[in-house]
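To start, the structure under review is shown below, and the notes come after it.
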Amino acid sequence: MTHAALYDKRPNRDQALLKIVAILTMMVDHAGVMFFPSVTFLRVIGRIAFPLFCWGIVVGLERTRDWKRYALRLLAFGVVSQPFFMLALSHSWMQFNVMATLLLGFLAIKGIRSKWHFSQVWGPVICLLIAAAFRMDYGWPGVLLIILMYLARDSRGGLSALMVAFCLYWGGGGSVIPRGIISALTVTPMPLFNRAMGELLGLFRLQSMAILSLPLMLIQTDSGLKVPKWISYAAYPGHLLLYWLLSLVI
């Protein structure tokens, strides 16, 4: 099998494009949280962001020349982002922002990759335990998602199966389908149909909508876009600061 043929079977590694989509959908999500809490559609769009950031960590580890500098950047921007995370989204000092989750995921897959004194075993375990012990955005399930993405990084089928299973497990929050539609579809003279439809509609939970990110990770785009590193890191604390200032004005 040629290298080109092998590459065609791998998930999308157009890191710059995926990073732009992740940043924009994250901004939509947080705008929904802060300014339009009753508009569920904005939160649905926002579910696209986190899996793309997780996939970006996997691709980033493959391409980085200095993993220690990469980890330090995640740590530094996590510290910088924490005050804005607290102000904008009403969290406390003991609730860490998503950079902590991404850092632990990065260190976990670095341990798997390095195999240093069986670090492929204790590295992920320690990172998952830390994520479970402290409150942080997406928590240990987020760290686990990065680990599983790394293990499925060379297979579209594997990544697809992983995302479907994970989103079904991860599904939480209220239904994204309006109650009126659910009522209309489950009030028929056919009890078995009503039951089946009710079960099906129950799958459409808010966090399960993270599955919408899957096509972006599967379809090869090769956009050729370039995103400066500082923009991709500064976007997180920067938009939180901007939203917080807007909330003061509004």
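Each value in this text was obtained by applying a stated rule to the coordinates, not by laboratory testing. Just so it is clear, the structure is predicted and the values come from calculations on it, not from any experiment. As a convention, Cβ positions derive from the backbone with ideal geometry for all residues, glycine included, and neighbour counts pool all protein chains shown.
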Unit Cα scatterers, Debye sum, segment 1-141: log10 I(q)/I(0) for q = 0.15, 0.17, 0.20 Å⁻¹: -0.86, -1.06, -1.33
Here the residues of segment 70-103 lying in the modelled label zone of LEU248, meaning backbone nitrogen under 16 Å from a point 7 Å along Cα-to-Cβ, are 83-90
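How do 84-90, 108-114 rank on mean C-beta neighbours within 10 Å, highest first? Spell out each step's value before the answer.
Details: 84-90: 17.7, 108-114: 19.9.
Top of the packing list down: 108-114, 84-90.
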Residues TYR236, TYR243, TYR169 in order from fewest to most other beta-carbon atoms within 10 Å are TYR169, TYR243, TYR236
Using amide H atoms built 1.01 Å from N in the peptide plane, name the residues 5+ places from PHE96, or on other chains, whose amide H lies under 5 Å from its own. ARG135, MET136, ASP137
Fewest-first ordering of LEU192, LEU103, LEU242 by Cβ atoms within 10 Å yields LEU192, LEU242, LEU103
Below 11 angstrom from the Cβ of MET99, what's the summed charge of the other residues (Lys, Arg +1; Asp, Glu -1)? 0
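FRET efficiency for MET94 and ALA196, Cβ-Cβ distance as r, R0 = 45 Å, nearest 0.05? Please list the in-between numbers first.
Details: r = 44 Å, r/R0 = 0.97.
Efficiency, from the Cβ-Cβ distance: 0.55.
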Please count, across the chain, the pairs of lysine residues with Cα atoms under 22 Å apart that sit 8 or more places apart or on different chains. 9
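Going highest first, how would you order 70-76, 145-151, 221-227 by mean Cβ packing within 10 Å?
Details: 70-76: 16.3, 145-151: 22.3, 221-227: 11.0.
Top to bottom by mean Cβ count within 10 Å: 145-151, 70-76, 221-227.
How high is the FRET efficiency from ASP66 to ILE219, r the C-beta distance, R0 25 Å, rounded to 0.05?
Numbers: r = 30 Å, r/R0 = 1.21.
That pair, ASP66 with ILE219, gives E of 0.25.
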